[in-house]
Amino acid sequence: MAVRRLQRPVAGGASDTGLRDALIVAGLTVLALALRSARLDFQPLWWDEGYSVWFAHQPLAEMLRLTALDIHPPLYYALLGGWSQLFGLAPVALRLFSVVAGVVAIPLIYVAGRALGGRRAGLLAAGLLAINPLHVFYSQEVRMYGLVVVWSILAVLAAARWLGIGGTDRASGGWLAVYVTAVTLALYTQYYTAFLAAGL
């Protein structure tokens, strides 16, 4: 009589994969930080950066009035003003605000990529963004582009979760609230994200 051999399940397989992914994402985040924080003092603030700093230090009412006439909305300038109050007006200190936004985008895009296409897609997205030259460049500028990437990734993630894209069950209205918040923040940072919202 044939005896069926029972295969013992490998203990902790899923948790081992999760730990490995977490370590990879942590490594990519450290790499992103190293790339984005290198040579932040390579040159003085240039025209657009100086424009950002000037806007950021206007009184709030004046900032709102001026940005109503400008091509960029006020949120980034308001946040930059608060940041500079804490960390000063040196070029390195000002550029660090964009560095932080650029680094935060790495684990966030991993989560979004995983929600949309699985763990490999998430890791690939995080790896590509970590070394993307254009993203590194804009993560070193005193401009709003690094921050708007964070809001945009968050909006994509929230839309995927709410709609149940990527094999996940359709989530509750909480993710819809996250999506609306992320899109609103993105629009108050960069008007062109209206195209992203329309596409989603």
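Coordinate-derived values only; no laboratory data. Note that this is a predicted model, so its numbers are computed, not measured.
Between Phe137 and Tyr192, residue separation times 0.36 nm minus the direct Cα-Cα distance comes to 17.9 nm. So how far, in whole Å, is the C-alpha centre of segment 114-140 from the one of segment 60-83? With segment 114-140 and segment 60-83 each reduced to a Cα centre, they are spaced 29 Å. Taking Glu49, Glu62, Glu141 as the candidate residues, the one with maximal mean-square fluctuation in a Gaussian network model of the chain, Cα springs under 10 Å, is Glu62. Diffusion coefficient of segment 94-200 by Stokes-Einstein, Kirkwood radius over Cα pairs, 4 °C, 1.567 mPa s: 93 µm²/s. Taking a span of 24 Å or more along the helix axis (Cα atoms) and a mean Kyte-Doolittle hydropathy of at least -0.5 as the rule, the DSSP H helices of the chain that qualify are 13-37, 91-117, 145-163. Remark on the chain: Rg and Dmax equal 20.7, 88 Å (Cα only).
Taking only DSSP H segments of four or more residues, each worth -39500 (n - 2.57), what value at 222 nm results for the chain once the sum is divided by all its residues, to the nearest 500 deg cm²/dmol?
On the way: 10 runs with 143 residues, N = 200.
Taken over the chain, the calculation gives -23000 deg cm²/dmol.
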